[in-house]
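Notes follow the structure.
The values are calculated or read from the model by the stated rules, or taken from the named source; none is laboratory data. What you are looking at is a predicted structure, and each value in this text was computed from that prediction instead of being measured. Reconstructed Cβ throughout: ideal geometry from the backbone, glycine too, with neighbour counts over all protein chains shown. For accessibility, only protein heavy atoms count, side chains too; no ligands or nucleic acids. Shrake-Rupley method; radii C 1.70, N 1.55, O 1.52, S 1.80 Å.
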Amino acid sequence: EPEVTQTPSHQVTQMGQEVILRCVPISNHLYFYWYRQILGQKVEFLVSFYNNEISEKSEIFDDQFSVERPDGSNFTLKIRSTKLEDSAMYFCASSWGQGGQETQYFGPGTRLLVL
Amino acid sequence: SQQGEEDPQALSIQEGENATMNCSYKTSINNLQWYRQNSGRGLVHLILIRSNEREKHSGRLRVTLDTSKKSSSLLITASRAADTASYFCATVPYGNNRLAFGKGNQVVVIP
């Protein structure tokens, strides 16, 4: 069964460093998302992406964050200058149709720790 | 912002018993989805129920949706130890594509 994959599974970085989290969505899906879950808290929406552009973003997704689909398979989340509070589990998700109508399938997550 | 909210109680049940979790939300929705998360791991989609549906089944799962009360329930019948996990409801507010998650409900099934 097709699934969303994410790399790396764990990432440790120093505050102020740039990190890139990678995702390979399900191949025939058209909509892509990033969410994060700070330890012990709710899963929070960051951004959705469709047709090579951001379609929706939350207040969390500030100028430190960016997303890109550099080729036909990968979908990346970049954090330019990490802060301690960026430590969280980051989930990529994809859906065939608009997320408002169709199931969003999640990857296993990347656990980011900022020291 | 509108979001799903599960009942905050953790559940601890014996294997074979049924487990019921509830979720409430505040505004109009396109659909409501339930997810499972094993400790510290990814989110596994369980079931999606649309705003014009009232009940849906998938294997041992039964989900209801009451849009007049803005609430949903997830029933797991004949629970197994492997059902031990956190269960989240997530709503898609009308006109949006983002999922708004509740805090999760920890279920422990004792063998």
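Listed values, structure above:
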read-out: Within segment B:41-111, strands (runs of 3 or more DSSP E) holding 1 or more residues that are open to solvent by less than 10 Å² (accessible area, probe 1.4 Å); value: B:43-50, B:61-66, B:71-76, B:85-93, B:105-110
read-out: Residues of segment A:8-36 classified as of a type outside the set (A, V, I, L, M, F, W, C) and under 11 Å from the mean Cα position of the chain (by Cα), total; value: 5
read-out: Within chain A, strands (runs of 3 or more DSSP E) holding 3 or more residues that are open to solvent by 40 Å² or more (accessible area, probe 1.4 Å), modelled with pLDDT of 95 or more and closer than 24 Å to B:Gly40 by Cβ; value: A:10-13, A:19-24
read-out: Tally of residues being among the charged types (D, E, K, R) and under 12 Å from the mean Cα position of the chain (by Cα) across segment A:37-62; value: 2
read-out: Pair list, Cβ under 8 Å, 6 or more apart: segment A:75-93 residue over 20 Å from B:Leu99 (Cα atoms), other residue among the small types (Gly, Ala, Ser); value: A:Lys78/A:Ser66; A:Arg80/A:Ser66; A:Ser81/A:Gly16; A:Thr82/A:Gly16
